[in-house]
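Data block below; observations after.
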Amino acid sequence: MDLLEVLARRRSVRSYLPDPPDEGDLNLILEAASTAPSAGDLQAYVCVVVRRRESLRRLADACYGQDFVAEAPAALVFLADPDRSARRYGSRGRNLYCVQDATIAASYAQLAAEDLGYGSCWVGAFDDRSVRGAVGAGRELIPIAVIPLGRPAEIPEVTPRRPIPEVFRLEDVGTPFPHRPVRRDLLRPAARF
Ligand SMILES: Cc1cc2nc3c(=O)[nH]c(=O)nc-3n(C[C@H](O)[C@H](O)[C@H](O)COP(=O)(O)O)c2cc1C
């Protein structure tokens, strides 16, 4: 599928069929995530594939009872590795690059999952200590995202987006980008905040 089509189709799916992800697909999702750019090619993150029911339950509890995490047949847990990035980049690596490395890789995983017909959801509301406990991570790793995934049991409505000129600017932050729509399928309904 065309990348822009994947972007247009992706939405947060919070209800899954019980079928476990195909082994080949799971491996492909990890390969796709590992293509993500990272500072100095360090890939300062770890991703844990979680499929055991009891671990998924612990993850859902760590996510303050977001039960759909326990109902997914699998989840990916991305954790930043600050020490790995700090060894080369000092405090910028520790505080920023490792988080960016993990975040970009997690996004790639989510998009690859979409491309392969899986629904997923970025879950960021969790207790760090409990997520670490669920995946056997030490304090040196920072949980960044829990991504439950599985074949979607429902396709949610798209959520709105802020108008492009409100978010994107031209040359300086004071000038809205004079956006001309090109692919209408990429444009979400305008947010009314
Ligand atoms: C940093 C971050 C944290 C999020 N945390 C949660 C979460 O804890 N639980 C949840 O159900 N969705 C969570 N989401 C998903 C957002 O609610 C969702 O991406 C947003 O509403 C846009 O909808 P869409 O993904 O369908 O485009 C999170 C997304 C991001 C990027």
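Numbers at a glance
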item	result
Condition met for Arg139 (of a type in the set (D, E, K, R), more than 27 Å from Ala109 (Cα to Cα), loosely packed, with under 13 Cβ neighbours inside 10 Å and without any contact (Cβ under 8 Å) to a residue 24 or more places away in the chain)	no
Any hit, the stretch 43-58, residues being open to solvent by 20 Å² or more (accessible area, probe 1.4 Å), under 16 Å from Pro152 (Cα atoms) and over 13 Å from the mean Cα position of the chain (by Cα)	no
Elements of type helices (runs of 4 or more DSSP H) contained in the stretch 81-193, each with 3 or more residues being within 15 Å of the ligand (Cβ to nearest atom)	98-115, 128-135
Meets criteria (in the same structural domain as Ser38 (by TED's automatic domain parsing) and in contact (Cβ under 8 Å) with a residue 40 or more places away in the chain) for Asp128	no
Count - residues of the stretch 1-17 that are more than 16 Å from the ligand (Cβ to nearest atom) and in contact with a helix residue (DSSP H, G or I) (Cβ under 7 Å, 6 or more places away or on another chain)	1
Test: residue in the stretch 18-27 that is in contact (Cβ under 8 Å) with a residue 12 or more places away in the chain, within 16 Å of the ligand (Cβ to nearest atom) and open to solvent by less than 80 Å² (accessible area, probe 1.4 Å)	no
Unique residue being under 17 Å from Pro143 (Cβ atoms), out of contact with any strand residue (DSSP E or B) (no Cβ under 7 Å at 6 or more places or on another chain) and aromatic (Phe, Trp, Tyr) when the list is Tyr64, Tyr89	Tyr64
Where a residue in the stretch 72-88 is at negative phi and open to solvent by less than 10 Å² (accessible area, probe 1.4 Å) and its partner, wherever it lies, is among the hydroxyl-bearing types (Ser, Thr, Tyr) and not in a helix (DSSP H, G or I), with Cβ under 6 Å and at least six apart	Ala72/Tyr16; Phe78/Tyr45; Ala80/Tyr45
Enumeration of residues in the stretch 50-67 that are among the small types (Gly, Ala, Ser), free of Cβ contacts under 8 Å to residues at least 40 places away in the same chain and in a helix (DSSP H, G or I)	Ala60
Qualifying residue in the stretch 152-173 (condition: touching a Phe, Trp or Tyr at 6+ places or on another chain (Cβ under 9 Å), within 30 Å of Arg52 (Cβ to Cβ) and surrounded by 13 or more Cβ atoms within 10 Å (Cβ to Cβ))	yes
Qualifying positions in the stretch 118-133 - open to solvent by 10 Å² or more (accessible area, probe 1.4 Å) and under 18 Å from the mean Cα position of the chain (by Cα)	Trp122, Gly124, Ala125, Phe126, Asp127, Asp128, Arg132
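The values are calculated or read from the model by the stated rules, or taken from the named source; none is laboratory data. These numbers come from a predicted model, not from an experiment. Backbone-built Cβ (ideal geometry, glycine too); neighbour counts: all protein chains shown. Remember, those area values only see protein heavy atoms, side chains included, never the ligands or the DNA or RNA. Shrake-Rupley method; radii C 1.70, N 1.55, O 1.52, S 1.80 Å.
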